[in-house]
Every structure is written in structure tokens, then in C-alpha cells.
Amino acid sequence: MNIKDFENEWNSKKLDFDGAFGAQCVDLIKEWFKENGLFIPHGNAIDYKANAHDGVTWVDNTPSGVPSPGDTVVWGSGIGSQYGHVALFLSGNASSFVSLDQNFPLNSGIHEQSHTYKGVLGWLKLPQVAPPPPPTPVDPKDQIITDLQESVNQANARVSDLTNQVTDLTTKLTDSDGKLNLAIAGLADANTKLDEETVLHDNCVSENLKLQDQIIELNKALNHCINQPAPTVPVVSPPQVQLQPTWIQKILNFIIGKKGV
């Protein structure tokens, strides 16, 4: 991790790395070493020269010496404390510098602090990590070929997608065509039935009209009969029949004293 990212992560906070004695200056350095994958320093700030191992080097303070960003600056008791002080160098020159401090002044959080080199014993330098090699130059022709190949791949993918879509649409169109044919066949059957029922209807209407005409004629004949006077029938008297007396009549007439004819 570079010092600028570390500062952005922790600035204006208080860091109690080991949970002992509150936020001390050494807690900031322990976190810095941990985030760079190094051993965790120990002891008081004034003793940090003894932590120069595992690739960490110690550099004594000299009048012309200037730390590098991220170096751990170590003070002795000359800073005003028997335990010394540690901070992370940010920028500066041979006469003064700015560092990332905690608990300086006393009880302060993590912040940028200006210093002179008074009381500075030296500084710890982290192992130098070789910078990554520069990228291999790319031949413009190769880049053009790569770009074209990428375009071809994208075009092929698009063609594949469109082909799948066409296949799906063809299947749906075939299904729709089958349904349409069934519907047309059903419509033809319906039209045939409609024609038959239309003929039947027309026949019924014609028959009904004929019956109505016959009813009208029958009503006329009935009315004519009702309005005609009753015919006169001559009264014929029954013929007079002259009956001849029978032998019974003759006996009766004799008894009652009548003379028979």
C-alpha cells in the first residue's frame, strides 16, 4: 500500500491497534506495517531502531539526509518524551518535513504534522518493491487485427442471436399458419351451413306466404257464406190418404152403432 492511500484511509481517525494504552503513535506504525504485509513492530517508539529486519533497513539521521514518503521517522527522548515518538514521513527536505502523526500533540488523532529534525534518531525504510515492468509495446497492425477480430466475434455472436430469433419466429409462423388454415376451414363449413339454412329459411318464408294467401281466401269464402240470405224452401203438405176400414174397424163401428161404409 502506498502512503497516500493509507493516509486517505486513516486521516482524522484514532487507531488503537493493540487495544492497550489508547491511541498511541506506535499504533499507527503497526497498522502501516501490517497493511504492507510486514512483521508487527514492538517496543516503545525510541526502541524502533531494533525493528530493522525482514527487509526493513535503518538509516541514521544526518544533516543532509531526507526520508522517503512512507518511511517511519523515529525520535528519541529529545522530542520531550522518554518513550520517544514515531511518525510516517510524507514530504519535506533536509531542514523540515510533514509527517502523518498520532498522539502528537498528546491525545490527538491521525493528522498531518510539521516537524524539524530536532530529536530525530533516523528512520526505517520499507523494502523496495520493484515497479512492474512497462507494458510490451503493441504493434499497431496487431492492434488493428485484434480489434477487427473482436468486431468479427461480436458480429458472429449477433448473427447467431438473429438466427435463433428467425428460427423461433419461423416456428411461431408455422403454428399460426396451421391455426389460420383450421380457421379458414371452419369458416368454409360455417358458410356452407349458413347457405343451407338460408335456403331453408327462404323455403319456410315462401310456404308461409302461400299459407297466408290460402287463409285469406278461406276467410273470404267464409264471410261470403255468412252474408248470404238463407234459401226459401217450399212447404209441401203431405198427401191425403183415404184409409179403408179394416175388419177391426167394422166390428168397432157395429158395436158403437155406427154404420160402416
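The values are calculated or read from the model by the stated rules, or taken from the named source; none is laboratory data. The model shown is predicted, which means the values in this text are computed figures rather than measured ones. Note that each Cβ is placed from the backbone with ideal geometry, even for glycine, and that neighbours are counted across all protein chains shown.
For segment 71-89, indicate whether the set of residues that are assigned to a loop (DSSP other than H, G, I, E, B), touching a residue at least 12 places away in the same chain (Cβ under 8 Å) and of a type in the set (Val, Ile, Thr) is non-empty. Within segment 71-89, none of the residues are assigned to a loop (DSSP other than H, G, I, E, B), touching a residue at least 12 places away in the same chain (Cβ under 8 Å) and of a type in the set (Val, Ile, Thr). So which residues in segment 41-70 are of a type in the set (Ser, Thr, Tyr), in contact (Cβ under 8 Å) with a residue 24 or more places away in the chain and in a loop (DSSP other than H, G, I, E, B)? Passing the criteria: 64, 68.
Please go through segment 6-21 and pick out each residue that is touching a residue at least 24 places away in the same chain (Cβ under 8 Å) and assigned to a loop (DSSP other than H, G, I, E, B).
Here is the first cut: in segment 6-21, the ones touching a residue at least 24 places away in the same chain (Cβ under 8 Å) are 6-7, 10-15.
Within segment 6-21, 11, 12, 13, 14, 15 meet the criteria.
The single residue among 57, 116 that is over 22 Å from residue 34 (Cβ atoms), among the β-branched types (Val, Ile, Thr) and in the same structural domain as residue 29 (by TED's automatic domain parsing) turns out to be 116.
Return the residue satisfying two criteria in turn: it lies in segment 90-112 and is buried (at least 17 other Cβ atoms within 10 Å of the Cβ) and out of contact with any helix residue (DSSP H, G or I) (no Cβ under 8 Å at 6 or more places or on another chain), and of such residues it is nearest to residue 24 (Cα to Cα).
99
All of 20, 52, 45 fail the test of being surrounded by 12 or more Cβ atoms within 10 Å (Cβ to Cβ), over 48 Å from the mean Cα position of the chain (by Cα) and closer than 24 Å to residue 109 by Cα, apart from 45.
Looking across segment 23-40 at every residue that is part of a loop (DSSP other than H, G, I, E, B) and free of Cβ contacts under 8 Å to residues at least 40 places away in the same chain, the one that is nearest to residue 2 (Cα to Cα) is identified as 37.
Among all positions in segment 105-123, there is at least one residue which is modelled with pLDDT of 90 or more, within 49 Å of the chain's Cα centre (by Cα) and hydrophobic (A, V, I, L, M, F, W, C).
Of all residue pairs spaced 6 or more apart or on separate chains, those with beta-carbon atoms under 8 Å, a first member in segment 106-119 that is within 15 Å of residue 8 (Cβ to Cβ) and a second member that is at pLDDT 95 or above and among the aliphatic types (A, V, I, L, M) are 109/23; 110/15; 110/28; 110/100; 111/100; 112/90; 112/98; 112/100.
Test residue 248 against the criterion of being assigned to a helix (DSSP H, G or I), exposed (fewer than 10 other Cβ atoms within 10 Å of the Cβ) and modelled with pLDDT under 85, and give yes or no.
Values: assigned to a helix (DSSP H, G or I): yes; exposed (fewer than 10 other Cβ atoms within 10 Å of the Cβ): yes; modelled with pLDDT under 85: yes.
Spelling it out, residue 248 is indeed assigned to a helix (DSSP H, G or I), exposed (fewer than 10 other Cβ atoms within 10 Å of the Cβ) and modelled with pLDDT under 85.
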